[in-house]
1. So, in region 49-89, exactly how many residues are under 32 Å from the mean Cα position of the chain (by Cα), among the basic types (Lys, Arg) and at pLDDT 95 or above?
2. Please verify whether Thr93 is surrounded by fewer than 18 Cβ atoms within 10 Å (Cβ to Cβ), within 11 Å of ligand 1 (Cβ to nearest atom), modelled with pLDDT under 95 and within 22 Å of Val179 (Cα to Cα), treating the condition exactly as stated.
3. For the structure I just gave you, tell me whether Ser36 is at pLDDT below 95, touching a Ser or Thr at 6+ places or on another chain (Cβ under 8 Å) and part of a helix (DSSP H, G or I).
4. What single numbered condition from (1) within 16 Å of ligand 2 (Cβ to nearest atom); (2) surrounded by fewer than 17 Cβ atoms within 10 Å (Cβ to Cβ) fails to hold for Ser103?
5. Look at region 1-29 and say how many of its residues are at pLDDT 95 or above and open to solvent by 20 Å² or more (accessible area, probe 1.4 Å).
6. Please go through region 277-290 and pick out each residue that is part of a loop (DSSP other than H, G, I, E, B) and surrounded by 15 or more Cβ atoms within 10 Å (Cβ to Cβ).
7. Go through region 118-140 and give me each residue that's assigned to a loop (DSSP other than H, G, I, E, B) and surrounded by fewer than 17 Cβ atoms within 10 Å (Cβ to Cβ).
8. List every residue pair whose Cβ atoms lie under 8 Å apart, where the two residues are 6 or more positions apart in sequence or sit on different chains, the first residue falls within region 273-298 and is at pLDDT below 85, and the second residue, located anywhere, is among the basic types (Lys, Arg) and open to solvent by 80 Å² or more (accessible area, probe 1.4 Å).
Amino acid sequence: MTDVIHLLPDHVANQIAAGEVVQRPASVIKELLENSIDARAKNIQIFIKEAGKILIKIVDDGMGMSVTDARLSFERHATSKIRAAEDLFSLQTKGFRGEALASIAAIAHVELKTKRPEEEIGTCIRIEGSEVISQEQCTTATGTSISVKNLFYNIPARRNFLKSDTVETRHIVDEFQRVALAHPDIAFTLIHNGSELFQLPATKYRQRINNIFGGKTNEKLVPVNEETEILTISGFVGKPEFARRTRGEQFFFVNDRFIKSPYLHHSVSAAFDGLLKDGAYPSYFLYLKVDPKSIDINIHPTKTEIKFEDEHTLYALLRSAIKHSLGQFSVAPVLDFERDPTLDTPYHYENKSATTPRVEVDRNFNPFKTEHSGSRDFSNSFRKETASWEGLYTGLGDEEDKPIDLKQIEFESEEVTGNLFGTARAKESGNSTFQLNRKFIISTLKNGMLVIDQHRAHTRILYEELLKSITVSAAVSQQLLFPLNLQFSQNEIQLLRGIKDALEQTGFIFSGINKDSVEISGIPTIIIESEVEMLLEHLLADFENEVPGNNFSQTDLLAKSLAKSMAVKSGSLLNQSEQQHIVNGLFACKEPSLTPSNKPVFITLPVEEIEKKFM
Ligand code: ADP
Ligand code: MG
């Protein structure tokens, strides 16, 4: 028997690998741009001819390469970026496979010129189809310039497969924009057939977006910012009224890398739920920063998908951050009766405090008002004014002086909501809220009246609190003296197993799950023991009614369901301090205006409206 296995000659192996990395001119551009960024370039110029089919040339002012490195850079798996497999988990660079230059050199005519800052003379190397044609010293500027000519010259099938110049240029521009959006601090120029397509000076994110998309982009952007231990979100979403009928300006960046994620996209869409006309797409430019350890980029080189360790949390955080921004944007002006209600004032992010509407609400109870006297910065002090719905829930409400336990309640500081309650109000006296029909809490605003649905408001407060404890912080639980034993159907037990982890995040402790019963030895401190069974029943019913398999919003559903069942009901009598707790807690929420299922929480009646009724 003759042997049938043999090693492929290098140049064949290289060509095959090249097919993976380089599919079209745009992929060359992406790889080369990433190399320049990894080399810490501050200025990058791109010249292309005929959509990159004839020439792609990238010139950077980065760190350059030594003579040996220049030669080595074209070897497969030659990289300066990782040394050991562990390094993959702490990647700070775009490249790490050491394949791009080798692949590109296998299928094109490549010329590299490079010089390190500390050297006088640079290196020039020419390679065609993996074969080194020449290597010599040359004079060249500090940095690296690579030109790639006649792409796929030796693979005609590939070359013929390329699309029209228009289409290929579109791909190039797409790649270019993704890289440029991720790195506003680097200046980029893109020149096609001698004419300038983009000339982008180094700047900040918002300006970079404007420079790329031009025109009125700036006024369409609403900033999004959220910082948690596991993730930072920043960037912008497009105002709903500017949403378009085509996809397009939708960008996610994770650690400065453009990614596609249908899952995260869904979370953005969910945040826009109910705000967009049918068939319209939101635009977004969202920058996520996560610990490199929590993502896995070591997948196919041309792919833009990333695996996250904890997708569910990310989903919930992203959605709530965007909702919050959209909420600020649309709610704030409505509450300001002095301003023209046509919302003509654009949302000024930079000087938020200057444009924040001021509405003053009367109330006389504030359990936290010990610090800040005369301080104008209410945004920070306000965050501590979160209502204790715990006291409210266990519900006797006759101990107004009891210090409120803050340990499980902490909201972010919110300038806009913070200013809802101005300083003047403190001086006024008398009861500032009252209950109507045991259903609404009425409060006065400076120029009108606020009508809050008590159940919805409390649901919103609990929902945000629960979501936070599920997704971010560890919840506090109370040990039960005697474990609770609850009976459930097998089907319910199944469901319960599925959400056990999330429930434990809220503070439940399951000491046993059997075929048809569960034993619970600890419950969240915010729940009272006698209600546990009811809560879980509601919860399981809610889960049962969900679309099967649609489990990625599990935490959200859990928080929604628990909040709904725990919230104070319509028909409950609330004393003064309970009412105040709700009002304060509500306006410390990220999105006070809507319930978790997007129903309005309060309405406002401006004085003018009331006056009109008397005419
Ligand atoms: P990778 O980026 O995965 O390391 P590449 O084949 O793209 O692999 O590049 C190989 C090596 O060549 C890089 O690790 C880097 O050291 C060097 N290199 C490539 N491009 C540049 C550049 N523009 N400036 C400086 N060094 C570069
Ligand atoms: Mg690279």
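1. Total satisfying the criteria: 0.
2. yes
3. Considered against the rule, which asks whether it is at pLDDT below 95, touching a Ser or Thr at 6+ places or on another chain (Cβ under 8 Å) and part of a helix (DSSP H, G or I), Ser36 comes out as no.
4. Ser103 satisfies all of (1) within 16 Å of ligand 2 (Cβ to nearest atom); (2) surrounded by fewer than 17 Cβ atoms within 10 Å (Cβ to Cβ) except (2).
5. Total satisfying the criteria: 0.
6. Ala280, Pro282, Ser283
7. Matches in region 118-140: Glu118, Glu119, Glu120, Ile121, Thr139.
8. Gly279/Arg245; Ala280/Arg244; Ala280/Arg245; Tyr281/Arg244; Tyr281/Arg245; Tyr281/Arg247; Ile295/Lys307; Asp296/Lys307
The values are calculated or read from the model by the stated rules, or taken from the named source; none is laboratory data. Treat the numbers as computed from the prediction; the structure is a model and nothing was measured. Virtual Cβ from ideal backbone geometry, glycine too; neighbours counted across all protein chains shown. Heads up: the accessible areas ignore ligands, DNA and RNA and are worked out on the full protein's heavy atoms, side chains in. Shrake-Rupley method; radii C 1.70, N 1.55, O 1.52, S 1.80 Å.
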